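One structure is given here, and the rest of the page talks about it.
Where a number appears in this text, it was derived from the coordinates with a stated rule and is not lab data. These numbers come from a predicted model, not from an experiment. Positions of Cβ are generated from backbone atoms using ideal geometry, with glycine treated the same way; all protein chains shown enter the neighbour counts.
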Amino acid sequence: MAVEIVLPRLGWTMEEGTLVEWLKQDGDPVKPGEIIFTVESDKALNEIESFDEGVLRIPADSPPPGTTVPVGTLLAYILAPGEAMPTGRTTTAVATTAAAPTAAAAVAVSSRRSGPPISPRARRLAKQLGVDWSQLKGSGLSGRIAERDIQAAARAPRVSPVARRLAQEAGVDLSTLAAQKPGARLSRQDVEAALAAPPAARESAPLSSLRRIIAQRMGQSSRETASVTLFTEADATELVALRQRFKEALGPRQQWVPTYNDLFLKLTALSLAEHPALNASWGEGAIQMHRQIDLGVAVDTEAGLVVPVLRQVDRLSLQDLAEQSAALAENARTRRLKPDQLQGATFTVTNLGMYNIDAFTPIIDLPQCAILGLGRIALRPAVHQGQVVPRHQVVLSLSFDHRVVDGGPAARFLDTVRQYTEQPHLWLGR
Amino acid sequence: MRELTFTAAAREALAEEMAQNPAIFVVGQGIGKRGGNFNTTTGLYELYGQERLADVPISERGFVGMCAGAAMTGTRPVVDFMFLDFILDGFGELVNQVAKMQYMSSGRLKMPLLLRGCIGVGGASATHHSGNYYPIFAHLPGFRVALPTNPYDAKGLLKTALRTDDPVLFLEHKSLLNTKGPVPEEEYTIPFGQAAVVRQGTAVTVVAFALMVRKTLEACEQLEKEGISVELIDPRTVAPLDVDTILESVRKTGRLLVVDETFGPCGMGSEVAAQIMEKGFDELDAPVRRVYGAHTPIPYSAPLEQAAVPQVPQIAQAIRDLVAE
Amino acid sequence: MNAPNKEVLLSLYRQMLVIRRCEEQLARSYQAGLIPGACHTYVGEEAIATGVCAHLRHEDAVFSTHRGHGHALAKGVPPRQVVAELYGKSTGCSQGRGGSMHLFSPEVGMMGTSGIVGPCILQATGAGYSFKLLKTDRVGVAFFGDGAVNNGAFHEGLNLATIFNLPVLFVCENNQYATEVPFTYSSKNSEVANRAAAYNLPGVAVDGNEVLAVYRVAGEAIERARKGGGPTLMECRTYRTRAHAEGMREAGYRSIEEIESWKARDPIPAFRKQLLARGYRAGELDRIDEEVKAQIQEAVEFAEQSPWPDPSTLMDHIYSRSGA
């Protein structure tokens, strides 16, 4: 009948104590009432007496004197003579106390109300009757809009005799008109305005956050930049042939085949490397030349225009470029782009070729200073080696910000782009 | 129908119940031969003698505690405090023993104890004889609190009190004791937790307690002439409190005024307002307003005493203001 | 009154042991953290509850105080229900709602231990009033300590009991300390029994550690009460050898010598000696020892295995079912 000796609970709030000293040693006989050890808690020393008779056995893993342990920790056993020390604990779990409920935190808030005060009952009635109370005034002393005010607003409108006659002749429904201006007195002008307004077949869609952003950026760019657009036509026959060869070679091997967009991105980046003035931003009283060439690639998504950024395009291999741009476009369409993938472009390329657009005037994405628009690659008659032959042609449209860069440098850059388009071997090795 | 005073109606209830139940006995000062300071036991001593109409020495803690013990052991004591103010000396026994006994014993002990006394301001009774205190008892779990405002209710509620196994505070406003009203001859009881719609109306709901019911009724007569239609509700018991009847009325009128003689802080008005706000927020056309007694001990001199509690003109104006809000 | 027979003597012995072993177990359980809240043990005072309650029937009503385990056990609450109650289990006599200071078992006339000092005196008086009004020969008994004697409830209760001549026994267990305050500090009159004279009711002082003395005096008072002779005040002089409440340190308000001197007057070994002197065999007494030990052990196991109360019952019984 091993009796467990544990660190006792000596007070209502005691949770731990320090075993100070054993007054009986391992193997000593113990009688009820004898002090076997001392415990310190709350700076007070307590002598703990035994309830039982037997032999004190202190296991090897008993906490050494001087250690602080939780209440209930096993310290020793009192055994009958010759009894073996138990190997496992047998005590039941200590009862847990219920957690004290936490009081709700009080929050002081300033009034969130906008608009006139209105009673809950009136608000409910207004919703029921479809009355717009935002322009109403409460009739009571408190100024609060009350039930009676909503009821009044919902009743028959006050109409001037002239207006009434006019409405009747013209077939204008006065109650609908009244609902739009609750509580107001309808005049002849109101009826005339209703006659002039087109039938309400509008469908208005609320602005999405993306649309808001696009609107803001486009508007700002239009207002602030001194935008000039240069057009040039490039012979893309070699480029087309190159791409065809890529397709034949890499396609069957399931490797990424560079798109026309990828090819243009690469040659544009290399062009920018030679014309760093176009890889700059209009900043606070200074023009910032960028060390990296990070290209924004315009992607048309269901939600709107999104421009993810490819980093250091001049250093990417065509293969890497192809893979990365494909991934970015996919993420753009599924709106899985992270914010850092949408920021920091130094130059933007936008392609409307797939929609059969030849040339256009792209809007510069501030704070960049230029943007290249790509049209469709189409077979057109051209003069080649003295003959009129069908050649693949593409128009390159470059809008640039004349505040940052002048027409000459811009034109020279565009010419390089044209050159690289026409002669891919000039840059393929780079 | 015959008319009885409030006192007579209540006494009739006590007499009828004592006749039917030999375990009912009354303790208090002057409730024996004298028949009670407020004539609560007139004629009963002659019928039942000293054991059942036992005058006790002035020792409220003692006889409240004693009656608690008696209620636990098979009898049904009535403690008649005369002035309810004296109950406070036994507050410890009431709160820690009487109110908790059923709960502590898990329902194996009942507490059929009736505590009655006169409450309220009036007659220059001054600060130690004008107490109400019922919001305190309504706040604590374990008590029932009845607040009859007319002879009919007094008899019906007292009968119920003498048949329930819960401790009941039966509180009689001293200014109502001599008021008269119709009381049927036939036996009837009024259950606790059932408010009375004293007056029907459409513009505003007024909930009033004890004497304030009568004062509000007076105000209503004047307001009717002004075209203000008031619906007046008398809860009759504050524990349990019939909130449903009040809520139904507020659905109709949208405006609520609570009129009570007791103090504002943590008072009856606060409780009713909070409950209606919680349960009927969208029905409210204006904030719930309250008229309550001044937060002061009750003074002696007439102009001061009158100013300390709601009066008819004040109640009428509060109703007008609420309707105009 | 007749001298107690063998059956009575052995049951007195057994009863004191049940209280002692149960209290020791509760102290152990308390230290193991199994009993939350307060635990005021009755060790050393067993002779009083035993000697008084031996004369009581289940229909008699006992009202006790914060040091009430002994009264509950002596009045007939089974040890398993007391231990389970202190463990907070639903099988406790108060269904887990009360703990040590709110033990209820009206079925056996245990009308409550109490966390407030004084009400038991008033409620016992009230029980006396009921029993008299209902024309029974039942009695009410109040157990309280020296700490209650200067309380208004003592004065008001004894006064009401005496003016109405009620069948009540007031038992003051004068263990000389109210927590750590000596009775001699709180009272200019250091006796309790002589206060009865102020109410013109009989007051008797007795050695509270002598179970047969308690038995005799209590028996006379209860007999008198049953026969309509009115209330009695009994002062039992005794001592608690453990702290005021489990877990409270002996803060030095009493000396080790004083405690030891009272341990030497332990009522249980003293009674055992008397029984042996009367010719009872040690073996018979040992067998009672063993049975009691087993009974307490079973009580602990019962408590440990019992379920906790269901929180959905929290709001039950605030009001009666017949509540209007």
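Listed values, structure above:
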| read-out | value |
| --- | --- |
| Helix runs (DSSP H) in chain C reaching 20 Å along axis by Cα, Kyte-Doolittle at least -0.5 | C:6-31, C:119-133, C:211-226 |
| Equivalent ellipsoid semi-axes, the range B:160-228, via Cα gyration tensor eigenvalues times 5, rooted, Å | 28, 14, 13 |
| Rounded Å value of the spacing that divides the Cα centres of the range B:283-313 and the range C:88-114 | 46 |
| Listed residue (B:Leu4, B:His129, B:Gly92) projecting farthest to the positive dipole end of the range B:3-182, Cβ model | B:Gly92 |
| Mean separation of Cα contacts under 8 Å (6+ apart) over length of chain B, as relative contact order % | 16 |
| Qualifying lysines (Cα of each under 30 Å from Cα of C:Lys6; at least 8 residues distant if same chain) | C:Lys75, C:Lys227, C:Lys263, C:Lys273, C:Lys293 |
| Rg(Cα) / (2.2 N^0.38 Å) computed for the range C:1-137, rounded to two decimals | 1.06 |
| Longest site-free stretch - chain B; sites: chymotrypsin sites (Phe, Trp or Tyr not before Pro), DSSP loop, at most 14 other Cβ within 10 Å | B:1-187 |
| Cut-off under 5 Å, modelled amide H: who pairs with B:Gly30 long-range | B:Val56 |
| Amide N proximity, the range C:230-258 versus C:Tyr185 label position 7 Å along Cα-to-Cβ, cut-off under 11 Å | C:252-254 |
| Dipole-positive endmost among A:Leu265, A:Gly140, C:Phe63 within the protein assembly as shown (Cβ charges, Cα centre) | A:Gly140 |
| Quotient of C-alpha Rg and 2.2 N^0.38 Å, computed over the protein assembly as shown | 1.49 |
| Fraction in percent of alpha-carbon pairs per bin - 10 Å, the range B:33-165 | 11, 41, 39, 9, 0 |
| Student exercise, chain B dipole from Lys, Arg, Asp, Glu Cβ charges, in Debye to nearest 20 | 460 |
| Calculated Rg and Dmax of the range C:94-175 using C-alpha coordinates, Å | 13.0, 39 |
| Crossing angle, helix A:161-170 versus chain A [Cα axis fit, 0-90 degrees, rounded to tens] | 70 |
| Degrees, to the nearest 10: A:120-129 long Cα axis against longest axis of chain A | 40 |
| Gyration tensor over alpha-carbon atoms, chain A, equivalent ellipsoid semi-axes in Å | 77, 52, 20 |
| Karplus 3J(HN,Hα) series, Hz, for the range B:103-117 with 6.51 cos²θ - 1.76 cosθ + 1.60 (x for Gly, Pro) | 5, 5, 8, 6, x, 7, 10, 9, 9, x, 10, 9, 10, 10, x |
| Estimated dipole of chain C in Debye, rounded to 20 [Cβ of Lys and Arg +1, of Asp and Glu -1, Cα centre] | 600 |
| Vicinal HN-Hα couplings computed from phi for the range A:23-40 (Karplus, 6.51 cos²θ - 1.76 cosθ + 1.60; Hz; Gly/Pro x) | 9, 10, 9, 4, x, 6, x, 9, 10, x, x, 6, 7, 9, 7, 10, 10, 10 |
| Order of A:Ser325, A:Ser41, A:Ser187 - criterion: other Cβ atoms within 10 Å of each residue's Cβ, fewest first | A:Ser187, A:Ser41, A:Ser325 |
| Under 26 Å from B:Lys155, Cα to Cα: lysines that are on another chain or at least 8 residues apart | B:Lys33, B:Lys110, B:Lys174, B:Lys180, B:Lys215 |
| Loop sites in the range C:185-290: trypsin sites (Lys or Arg not before Pro), DSSP, at most 13 other Cβ within 10 Å | C:Lys188, C:Lys227, C:Arg278, C:Arg281 |
| Karplus-derived 3J(HN,Hα), 6.51/-1.76/1.60, for each residue of the range B:269-281, Hz, glycine and proline x | x, 4, 5, 4, 4, 4, 5, 5, 4, 5, 8, x, 3 |
| Hits among aspartates and glutamates - C-alpha to C-alpha of C:Lys132 under 14 Å, sequence gap 8 or more where chains match | B:Glu51, C:Glu59, C:Asp60 |
| R0 of 22 Å, Cβ-Cβ distance C:His58-C:Asn165: FRET efficiency to nearest 0.05 | 0.35 |
| Residues of the range B:228-266 with amide N under 16 Å of a point placed 7 Å along Cα→Cβ from B:Ala324 | B:228-229 |
| Simple label model, 7 Å out from Cα along Cβ direction - C:Glu291 to A:Val162, nm | 11.5 |
| Between helix A:407-422 and chain A: long-axis angle, C-alpha atoms, 0 to 90°, nearest 10 | 90 |
| C:Arg281 paired with A:Arg188, simple spin-label distance in nm, labels 7 Å along Cα-to-beta-carbon | 13.1 |
| Normalised per residue, the volume of the convex hull around the Cα set of chain B (Å³) | 132 |
| Separation of the C:Ile318 and B:Asn178 label points, Cα + 7 Å toward Cβ, nm | 4.1 |
| Gained length - A:Arg335 relative to A:Gln220, 0.36 nm times residue gap less alpha-carbon distance | 39.0 nm |
| Under-5 Å amide H pairs with B:Ala196, H placed in peptide plane, nonlocal only | B:Asp234, B:Arg236 |
| The range C:4-158: relative contact order in percent, alpha carbon pairs under 8 Å with at least 6 residues between | 21 |
| Cut-off of 10 Å, at most 12 other beta carbons, DSSP loop: longest stretch of chain A lacking such GluC sites (Glu not before Pro) | A:16-202 |
| Alpha carbon convex hull of the range A:3-98, volume per residue in cubic angstrom | 103 |
| Net dipole in debye of the protein assembly as shown [+1 Lys, Arg Cβ; -1 Asp, Glu Cβ; about Cα centre; nearest 20] | 2780 |
